[in-house]
Each structure stands twice: as C-alpha cells, then as structure tokens.
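Please read the structure below before turning to the comments.
Please treat every number below as a calculation from the coordinates, not as lab data. Every value quoted in this text rests on a predicted model; they were computed, and no experiment measured them. Counting neighbours? That spans all protein chains shown, and the Cβs are built from the backbone with ideal geometry, glycine included.
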Amino acid sequence: MGSKRRVVDISVDELVSVLKRSSLPTLVTEGGDDVVVLREAEFFFSSIGLGLLPAGGREKLLKIYDRRQEFVGIPVAFVTDQDLWVLTGVPNEYVADVLVFTWGYSIENDLYQDGNFERLLSKKERRNFFDELNIFVRWYALAVHRYLSGKPERIRTHPNYVLDDNNFSSKEAVLENGEFYPEELFEKIMGNYQMYVRGKSLLPLLMRHLSYSGRSARHNHMSLLELAASDRGKLLQSIYDKLSAVFL
C-alpha cells in the first residue's frame, strides 16, 4: 500500500531564515494552485536564477513581507491573492511594488478571466450556470457582508452545499433581527462575479456544468488552470510584468 505524502508545515521564522541565508532572487508565493500557475516564472527568469518559495498560505506570506527588512540582501518579490481586499481595498501598508496582488479575489479568478472558460458551455449549460450563480451569489453576498461586519461567518462553504442542501440554504439565508439584505453588494458582485466571487467557489460552480456525468467532454479545473497559465493572458502577463520590474 502506498504511503500518503506528508505535508510539512514550515513556520514563518523558518521561512524568513531561508531567505536570510539565500543568495538568489526569490519569488514568495502562497502555495497551492499558484505554485502550478507560477512555476513557469522560474524558467521566465532563469537568467537570474529565480527560486520559488511557497509560504503555505496568504497569512504567512504577509507576515514574511512584514519582516522583509531582515533579508534586504537579495531581491525578493511576493505574489498573493487579494481575497476580500478586492472589495474593501488593499491597506496602505501593503501597497508596494514588490508585493504583487491578483486582479481578482485570487489567482484562480485571474485565470478564469484570462482563460474564458465559459466559452466551453453550451447554451443550455450557460443558462443553468447563471441560474445557479445567481442563487449562490445571493447567499455569498450576505455571508461576505456579515463577515466584513465582524461576524464569524463562513464564506468558503462549497457551492454544492449552498445549492443542494435545502437545510443549509434556508438556515443561512434567514435574516437576523434588524438585519437588511445587502442588495447593493449583491448587485456589485453579480456585475463582476469573475472578479469578486471567491475563485475556489467560482470554479466548482462552473465545473458543475463542465464535468457532469454523461457530458461528452468532461473537464478538470486544474487542467483548465494549467492551460490558461501556459497561454499567459492579459491578467497573468500583468503579474509577470510587475515581477520583471522587480527582478530585471
């Protein structure tokens, strides 16, 4: 029986120590999908020997950035998701040339836009997709509004629960006493959902209509991301351009 690969959780102190000992230009990433997306950066910047350093999440990456004065001897840049800052704005302390943010909520959003994945939908699939998107965003806007208001609200719930679990949707959609539905936020998100809906929610929503049983061609979200990354559309190219300004 094969053994599972053990995930090693490296602390911020250890990652900063790696950078302090390094003599090579380094691109710090969150890890996860963005490693697949940005691994080509090592080849693109091969002339300077660029190395990738996955931080193990956005929170760690920002903590490493906060300690950048500890490794001033080498060029270091960071690529990270905006997350909900896409709606609220990036705080001033994190506005810097070496800290490159995605256009949308996450790197998945940028590739979703670049790759124009929805072109793969038939007319019927497109209609069904937008019907479900509307239902999902109706919940998502309320969850985001509550979260930004300081409530411990879940915004990462998988779309399948929102769309398929009647108990979940009916419970989570109930307004509290004195609470009003954030209609303006709903309209804003729906008006540019490719930018504002969390990418790891938007892709599963799309996959419900591109990978269902019986479909003649079934797609995988990772293969779509990889194809979009290899094509390097406008938004991903913008990230590379900003990195070039740092490293070249």
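As an exercise: evaluate ARG146 against (1) surrounded by 15 or more Cβ atoms within 10 Å (Cβ to Cβ); (2) in contact (Cβ under 8 Å) with a residue 40 or more places away in the chain; (3) among the basic types (Lys, Arg) and give the number of the one condition it does not meet.
So ARG146 meets the others, but not (2).
Within the bounds of the stretch 91-109, is there any residue that is out of contact with any helix residue (DSSP H, G or I) (no Cβ under 6 Å at 6 or more places or on another chain) and closer than 16 Å to TYR196 by Cβ?
Yes, the stretch 91-109 contains at least one residue that is out of contact with any helix residue (DSSP H, G or I) (no Cβ under 6 Å at 6 or more places or on another chain) and closer than 16 Å to TYR196 by Cβ.
Out of GLU125, GLU108, report the one residue that is over 22 Å from the mean Cα position of the chain (by Cα), of a type in the set (D, E, K, R) and either surrounded by 16 or more Cβ atoms within 10 Å (Cβ to Cβ) or within 30 Å of VAL246 (Cβ to Cβ) (or both). It would help to see each step written out before you state the result.
Numbers: GLU108 fails: over 22 Å from the mean Cα position of the chain (by Cα).
Answer to the selection: GLU125.
Going residue by residue through the stretch 192-201, is there one that turns out to be in a helix (DSSP H, G or I) and among the hydrophobic types (A, V, I, L, M, F, W, C)? Write out each step before concluding.
Looking only at the stretch 192-201, we keep the residues that are in a helix (DSSP H, G or I), and these are 193-196, 199-201.
If we keep only those that are among the hydrophobic types (A, V, I, L, M, F, W, C) too, we end up with 195.
Checked the stretch 192-201: at least one residue is in a helix (DSSP H, G or I) and among the hydrophobic types (A, V, I, L, M, F, W, C).
Taking PHE78 and the conditions (1) more than 14 Å from SER22 (Cα to Cα); (2) free of Cβ contacts under 8 Å to residues at least 40 places away in the same chain, which numbered condition does it fall short on, given that it satisfies the others?
Just one mismatch for PHE78, condition (2).
Tally time: how many residues in the stretch 196-222 are over 20 Å from VAL162 (Cα atoms) and of a type in the set (A, V, I, L, M, F, W, C)?
In the first step, residues of the stretch 196-222 are kept if they are over 20 Å from VAL162 (Cα atoms); the result is 213-220, 222.
If we keep only those that are of a type in the set (A, V, I, L, M, F, W, C) as well, we get 217, 222.
So the answer is 2.
Scan the stretch 194-201 and tell me whether some residue there is out of contact with any Ser or Thr (no Cβ under 9 Å at 6 or more places or on another chain), under 22 Å from TRP85 (Cβ atoms), hydroxyl-bearing (Ser, Thr, Tyr) and in contact (Cβ under 8 Å) with a residue 12 or more places away in the chain. It would help to see each step written out before you state the result.
Within the stretch 194-201, the subset out of contact with any Ser or Thr (no Cβ under 9 Å at 6 or more places or on another chain) is 194-197.
If we keep only those that are under 22 Å from TRP85 (Cβ atoms) too, we end up with 194-197.
Retained after the next criterion (residues that are hydroxyl-bearing (Ser, Thr, Tyr)): 196.
Remaining after also requiring in contact (Cβ under 8 Å) with a residue 12 or more places away in the chain: 196.
Yes, the stretch 194-201 contains a residue that is out of contact with any Ser or Thr (no Cβ under 9 Å at 6 or more places or on another chain), under 22 Å from TRP85 (Cβ atoms), hydroxyl-bearing (Ser, Thr, Tyr) and in contact (Cβ under 8 Å) with a residue 12 or more places away in the chain.
Can you find a residue that is free of Cβ contacts under 8 Å to residues at least 24 places away in the same chain and either at positive phi or under 19 Å from the mean Cα position of the chain (by Cα) (or both) anywhere in the stretch 135-143?
First pass over the stretch 135-143, keeping only residues free of Cβ contacts under 8 Å to residues at least 24 places away in the same chain: none.
So far as the stretch 135-143 goes, no, none of its residues is free of Cβ contacts under 8 Å to residues at least 24 places away in the same chain and either at positive phi or under 19 Å from the mean Cα position of the chain (by Cα) (or both).
Could you give every pair whose Cβ atoms fall below 8 Å, whose first residue belongs to the stretch 208-221 and is in contact (Cβ under 8 Å) with a residue 40 or more places away in the chain, and whose second residue is of a type in the set (Lys, Arg) and in a loop (DSSP other than H, G, I, E, B), counting only separations of at least 6 or pairs across chains?
Between residues of the stretch 208-221 that are in contact (Cβ under 8 Å) with a residue 40 or more places away in the chain and residues that are of a type in the set (Lys, Arg) and in a loop (DSSP other than H, G, I, E, B), the close pairs are LEU210/ARG218.
More than 22 Å from LEU248 (Cβ to Cβ), among the acidic types (Asp, Glu) and in contact with a helix residue (DSSP H, G or I) (Cβ under 9 Å, 6 or more places away or on another chain): which single residue out of ASP34, ASP66 fits that description?
ASP66 is the lone residue from the list that is more than 22 Å from LEU248 (Cβ to Cβ), among the acidic types (Asp, Glu) and in contact with a helix residue (DSSP H, G or I) (Cβ under 9 Å, 6 or more places away or on another chain).
I'd like the residue in the stretch 111-145 that is in a helix (DSSP H, G or I) and polar (S, T, N, Q) and, out of all such residues, is farthest from PHE168 (Cα to Cα). Can you show your working first?
Of the residues in the stretch 111-145, the ones in a helix (DSSP H, G or I) are 111-115, 117-120, 123-145.
Narrowing further to those that are polar (S, T, N, Q): 113, 128, 134.
Values: GLN113: 30, ASN128: 21, ASN134: 17 Å.
That would be GLN113.
Which residue out of ARG58, ARG68 is without any contact (Cβ under 8 Å) to a residue 40 or more places away in the chain, within 23 Å of MET222 (Cβ to Cβ), surrounded by 13 or more Cβ atoms within 10 Å (Cβ to Cβ) and basic (Lys, Arg)? Steps first, please.
Values: ARG68 fails: within 23 Å of MET222 (Cβ to Cβ).
None of the others qualify; the one that does is ARG58.
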